[in-house]
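J.: Quick one: the structure is below, and I'll ask about it shortly.
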Amino acid sequence: MPGLVATPEVPPPLRVDVPDGGDARAQILHAGDNQDPAREPRAASPVPKKTPSPTPSSARARSVERGSSSAGKRRLSLERPGSAAGAGGRDLFPAVIDETALDNPDLGPFLLKLARGAIASGEGPSKALEYALRASKSLERSGGEERRLELAMSLHVASAIYSGLGRHEEAVAALERAVGATDPARGPDHALAAFSGYMQLGDTHAVAGRMEQSIVCYTKGLEIQMEALGQGDPRVAETCRYLAEAHVQAMQFEEAEKLCRKTLEIHREHSPPASLEEAADRRLMALICEAKGDYEASLEHLVLASMVLIANSQDADVAAVDVGIGDTYLALGRVDEAVFSYQKALTVFKSTKGDNHPSVAAVLGRLADLYFKTGKFRESKSYCENALRIYAKPVPGSSNEDLAGGMMEIAAIYEAMSEPEDALKLLQKALKLLEDSPGQWSTVAGIEAQMGVMYYMVGRYGEARSSFESAVSKLRASGERKSAFFGVLLNQMGLSCVQLFKIDEAAALFEEARTVLELESGMSHPDTLGVYSNLAATYDAMGRVEEAIEILENVLKLREEKLGTANPDVDDEKKRLAELLKEAGRTRNRKPKSLENLLVTNSQRIKKEVTRRWPGLGFKS
């Protein structure tokens, strides 16, 4: 989280972020210092020390090289207050406090010091939490307006402890009370507390997988910071980048691009030429441009970032950028240049990180993908096997997120090689690595969606439906039910239901997919048209012939406008519509057969389109 909270210097058993009670004005005026601008831009969850969920471009950057968090937290020492303990460290505060004592105006600040002291001394979260909660209660009862900042701090401490214990709902409730106790209009101290509260609240929502609420909180924090510091302050740029990364995870690329451009403008004005801040901004902008399909712009930003990093002797980061450059060259069909960039990165990673580092395996996966796309299947398989050997025995300290991401990419290659069983085994291993990781719901949903496609391909429709259903439920809970990927996933789940003859359930899924994709992709997008065709077929099978005819007439009109009258897809729709028109008005006694005739071909086409269009979320191009 961009920088207005402090953490203990001495590592206690429970690591939590605790607001310091020092000079708040100094903190807000220096937030965002001590940062590593050359880090790998995260295109994912803005939760400190959590791995981002993959997006159409961020999975690649993440699996090759992960840098520090988006904005480094200021680390201030939290010494145990002398008043909290007597000689020999004996706690002088009684375990049980008379409720009437909470009316004492001096008790709240004293309890807050005890809470900080309990954290710094490693006494355990339970005692620190009790002190923090009693401090907040005392400050609410006796503090008045002049103690509202201390009330907010005590609630920040409580929420940090709740988060460390995995009690995220209670952490959210405490932070909501904290931001309600502040008034940014009353000066920089209140602005600091409000900013810190909203950013921590956003982090907590992100850990719980609620990206929509998280982005709302980050946006409020940014507005408060800009009001306090001005829109052109360098510390505002760090928060803009942080929010941009959250938008990338939510696949809101237009919003992410606006924020990233603002970050570049601020750093161009306040930072020296060829600064590391500019390099970090350009790497994030390259991810956004790649996700939008603008590969030329992405390449330009990556080359400029690489030049800056070379000038600053950041060899490891240069290698990570080389991987991104290779990805972009491959997308542009410039294969030889892509191989050269990958080999450069591979050499650096082997020399700086070792032969068995996941970064090396990730580049081997890139080369495997490249050789598969160029028809060199033997070389592709060899690179896959070399990468898997590293993932099977990674170096100590390798993150589960890196390993799972690499396995997902190799699984996608095996899928393209028509080896779904091998792909499934890798996906199951990746799922096992991440299924208990907080803040990884979107990533896990992507794995489950890819597994659903694999199960569908091998005819295990019940397991396909279960995998899709689990992915859908996670995306609903995380607030991503408005994305185009969510609409595609609903369509795939509907197709699985069709194969299981759960027609009513399939119709409901296709209807929801239609609503989502019309909003996110437009009526003439191929994914939307595929859902229209599936829905028409389902209505036909249910005996709702007139509705099916109406949908197919609309689909045919849109396809003719987009593809022309001679396109094979247009001919397919004409045949389907002619069949329905011929049977309209007659008693229907061939519903299962009609469903099969209308859906089998379309099912395969939609499966291929999904596989082609969503590589970064678990499907492979």
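The values are calculated or read from the model by the stated rules, or taken from the named source; none is laboratory data. Predicted model, so just to flag it, every value in this text is computed and none were measured. Note that we place each Cβ from the backbone using ideal geometry, even for glycine, and neighbour counts take in every protein chain shown. The area values use the complete protein model at the heavy-atom level, side chains included, leaving out ligands, DNA and RNA. Shrake-Rupley method; radii C 1.70, N 1.55, O 1.52, S 1.80 Å.
J.: Using the structure shown, decide if ALA279 is of a type in the set (A, V, I, L, M, F, W, C), open to solvent by less than 30 Å² (accessible area, probe 1.4 Å), closer than 26 Å to MET211 by Cβ and assigned to a helix (DSSP H, G or I). Explain how you work it out, then say what you get.
T.: Details: of a type in the set (A, V, I, L, M, F, W, C): yes; open to solvent by less than 30 Å² (accessible area, probe 1.4 Å): yes; closer than 26 Å to MET211 by Cβ: no; assigned to a helix (DSSP H, G or I): yes.
Considered against the rule, which asks whether it is of a type in the set (A, V, I, L, M, F, W, C), open to solvent by less than 30 Å² (accessible area, probe 1.4 Å), closer than 26 Å to MET211 by Cβ and assigned to a helix (DSSP H, G or I), ALA279 comes out as no.
J.: From VAL363, VAL308, which residue is part of a helix (DSSP H, G or I), buried (at least 21 other Cβ atoms within 10 Å of the Cβ) and touching a residue at least 40 places away in the same chain (Cβ under 8 Å)?
T.: Among VAL363, VAL308, only VAL363 is part of a helix (DSSP H, G or I), buried (at least 21 other Cβ atoms within 10 Å of the Cβ) and touching a residue at least 40 places away in the same chain (Cβ under 8 Å).
J.: Please go through the range 367-384 and pick out each residue that is in contact with a Gly (Cβ under 9 Å, 6 or more places away or on another chain) and open to solvent by 10 Å² or more (accessible area, probe 1.4 Å).
T.: Matches in the range 367-384: TYR383 only.
J.: Separate question: Against the definition (over 23 Å from ALA362 (Cα atoms) and either open to solvent by less than 10 Å² (accessible area, probe 1.4 Å) or polar (S, T, N, Q) (or both)), how does SER437 come out, yes or no?
T.: no
J.: Please determine whether any residue of the range 322-334 is outside any helix (DSSP H, G or I), over 27 Å from HIS247 (Cβ atoms) and not aromatic (Phe, Trp, Tyr).
T.: The answer is yes; a qualifying residue exists.
J.: Taking the options LYS429, LYS482, name whichever one is open to solvent by 10 Å² or more (accessible area, probe 1.4 Å), part of a loop (DSSP other than H, G, I, E, B) and touching a residue at least 12 places away in the same chain (Cβ under 8 Å).
T.: The conditions single out LYS482.
J.: Next question. How many residues are part of a loop (DSSP other than H, G, I, E, B) and of a type outside the set (A, V, I, L, M) when one looks only at the range 405-426?
T.: Let us first name the residues in the range 405-426 that are part of a loop (DSSP other than H, G, I, E, B), namely 417-419.
Cutting the leftovers down to of a type outside the set (A, V, I, L, M) gives us 418-419.
Total meeting the criteria: 2.
J.: I've got another one for you. Determine which member of the set SER418, SER467 is of a type outside the set (Val, Ile, Thr) and open to solvent by less than 60 Å² (accessible area, probe 1.4 Å). If you could, list the steps in order and put the result at the bottom.
T.: Details: SER418 fails: open to solvent by less than 60 Å² (accessible area, probe 1.4 Å).
None of the others qualify; the one that does is SER467.
J.: Sticking with this one: Every residue in the range 170-181 that is over 15 Å from CYS217 (Cα atoms) and touching a Phe, Trp or Tyr at 6+ places or on another chain (Cβ under 9 Å), please. So that I can check it myself, show each step before the final result.
T.: Step one: list which residues in the range 170-181 are over 15 Å from CYS217 (Cα atoms), which gives 170, 181.
Within the range 170-181, just GLU170 meets the criteria.
J.: Charged (D, E, K, R) and closer than 23 Å to MET285 by Cβ: which single residue out of GLU170, GLU212, GLU238 fits that description?
T.: Working: GLU170 fails: closer than 23 Å to MET285 by Cβ; GLU212 fails: closer than 23 Å to MET285 by Cβ.
Checking each option against the conditions leaves just GLU238.
J.: Still on this structure, I have one more. Do we have PHE510 as without any contact (Cβ under 8 Å) to a residue 40 or more places away in the chain, open to solvent by less than 10 Å² (accessible area, probe 1.4 Å) and either closer than 30 Å to ALA246 by Cα or not in a helix (DSSP H, G or I) (or both) here?
T.: Considered against the rule, which asks whether it is without any contact (Cβ under 8 Å) to a residue 40 or more places away in the chain, open to solvent by less than 10 Å² (accessible area, probe 1.4 Å) and either closer than 30 Å to ALA246 by Cα or not in a helix (DSSP H, G or I) (or both), PHE510 comes out as yes.
J.: Still on this model: Tally the residues that are in contact with a Gly (Cβ under 7 Å, 6 or more places away or on another chain) and assigned to a helix (DSSP H, G or I), restricting the search to the range 385-404.
T.: Looking only at that region, the number is 2.
J.: Additional query: Can you tell me which condition PHE349 does not meet? The list is (1) open to solvent by less than 70 Å² (accessible area, probe 1.4 Å); (2) farther than 30 Å from SER313 by Cβ; (3) assigned to a helix (DSSP H, G or I); (4) out of contact with any Leu (no Cβ under 9 Å at 6 or more places or on another chain), and all the others hold.
T.: (2)
J.: Give the residue, chosen from ALA445, ALA471, that is under 20 Å from LEU495 (Cβ atoms), assigned to a helix (DSSP H, G or I) and at pLDDT below 90. Write out each step before concluding.
T.: On the way: ALA471 fails: at pLDDT below 90.
Result: ALA445 is the single residue among ALA445, ALA471 that is under 20 Å from LEU495 (Cβ atoms), assigned to a helix (DSSP H, G or I) and at pLDDT below 90.
J.: Out of all the residues in the range 514-529, is one or more open to solvent by less than 10 Å² (accessible area, probe 1.4 Å) and modelled with pLDDT under 85?
T.: yes
J.: Report yes if MET454 is surrounded by 21 or more Cβ atoms within 10 Å (Cβ to Cβ) and over 19 Å from the mean Cα position of the chain (by Cα), otherwise no.
T.: yes
J.: Do the conditions hold for LEU490, that is, is it of a type outside the set (S, T, N, Q), in contact with a helix residue (DSSP H, G or I) (Cβ under 6 Å, 6 or more places away or on another chain) and surrounded by fewer than 23 Cβ atoms within 10 Å (Cβ to Cβ)? Quick ask: steps written out before the conclusion?
T.: On the way: of a type outside the set (S, T, N, Q): yes; in contact with a helix residue (DSSP H, G or I) (Cβ under 6 Å, 6 or more places away or on another chain): yes; surrounded by fewer than 23 Cβ atoms within 10 Å (Cβ to Cβ): no.
It is false that LEU490 is of a type outside the set (S, T, N, Q), in contact with a helix residue (DSSP H, G or I) (Cβ under 6 Å, 6 or more places away or on another chain) and surrounded by fewer than 23 Cβ atoms within 10 Å (Cβ to Cβ).
J.: Which of the residues spanning the range 207-259 are of a type in the set (S, T, N, Q), in contact (Cβ under 8 Å) with a residue 60 or more places away in the chain and surrounded by fewer than 24 Cβ atoms within 10 Å (Cβ to Cβ)?
T.: Selection gives GLN213 alone.
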